[in-house]
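Please treat every number below as a calculation from the coordinates, not as lab data. Note that the structure is predicted; figures quoted are calculated from it, not measured. All Cβ positions, even for glycine, are placed from backbone atoms using ideal geometry, and neighbour counts span all protein chains on display.
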Amino acid sequence: IRIIIEEASVPVVVDAGIGAPSDAALAMELGADAVLVNSAIALAGDPVLMAEAIKAGVEAGRKAFIAGRIPRRAQASPSSPTEGISRS
């Protein structure tokens, strides 16, 4: 999806594989312009609640994309200061 978004000269709408709010958030984090959701909402136990959750995922993902994530790393490295930490 990321490659398609980077290379596209038109808006990208993700229309498959959105089964949960986290899927919608990820699509938006990758830079999709929108998601199209049907089954995840229509077949949910509570469709209204699922629609609200998907909306929240879309909003969170879009905000994260705009904010810009920190670079991914192959390994973890500490980023919190160690000064003033008790080591008893």
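Here are a few things to note about the model shown:
- Formal net charge of residues neighbouring Gly17 (Cβ-Cβ distance under 15 Å; K, R +1; D, E -1): -2
- Karplus (6.51, -1.76, 1.60) ³J(HN,Hα), θ = phi - 60°, over region 32-37, in Hz, Gly and Pro reported as x: 4, 7, 6, 10, 10, 10
- Radius 14 Å from Cβ of Val35, net charge of other residues (Lys, Arg +1; Asp, Glu -1): -3
- Computed extension gain for Ser39 through Ile1, at 0.36 nm per residue and net of the alpha carbon distance, reaches 11.6 nm.
- Environment charge at Phe65 (Cβ cut-off 12 Å; Lys +1, Arg +1, Asp -1, Glu -1): +1
- Relative contact order %, the chain, counting alpha carbon pairs below 8 Å whose residues are six or more apart: 28 percent
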